[in-house]
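Contents: one structure, followed by commentary.
Every number here is computed from the coordinates shown, using simple stated rules; none is lab data. On a predicted model such as this, the values are computed, not experimentally measured, just so you know. Neighbour counts run over all protein chains shown; Cβ positions are idealised from the backbone, glycine included.
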Amino acid sequence: MLISSERGSGEIVSATDDTRFYDDVACLAADWAQHSSGSSAFVRLATGAWSNAHTAWYAQPAGARTAMGSGFVAFAAEAEARAADAASRALRFDDVLQQAGEAR
């Protein structure tokens with residue numbers, strides 16, 4: 001996949017397949033079940049740093065623009081995510097997985 005912007009991007013590093021790159025956290029989440037065994041997922045934080053997808057916090061800030069329109073933005077700390085979220089929520093990766101599954 002061509003990654004148009006690193007903002008909101010992620011990757012799954014598989015033990016058995018090639019590394020997969022995603023331009024939207026929700027796309028990574030939707031694909032995670034197929035790769036979760038022995039794999040690691042990483043997301044680009046709002047600061048530009050990389051983080052393990054399972055330790056990051058997520059928000060859907062008002063007006064957030066992501067490549068595929070999910071609006072999910074990753075943060076290092078719960079307080080950052082809660083402050084940025086349009087509904088003052090701080091989501092975990094499991095929450096993003098659930099929402100990505102519902103969207104399919």
Among (i) 25; (ii) 20; (iii) 73, the entry derived from the coordinates for percent of Cα pairs over 22 Å apart: (ii)
Contour excess over end-to-end distance, with Cα ends at Asn52 and Gln34 and 0.36 nm allotted per residue: 4.7 nm
Dipole-positive endmost among Ala41, Ala76, Leu28 within the chain (Cβ charges, Cα centre): Ala76
Rounded to 10°, Cα long-axis angle of helix 93-103 versus longest principal axis of the chain: 80
Distance (nanometres) between label positions extended 7 Å along Cα→Cβ at Phe21 and Gln98: 3.2
Cα-centred dipole magnitude for the chain, charges only on beta-carbon of K, R (+1) and D, E (-1), debye, nearest 20: 220
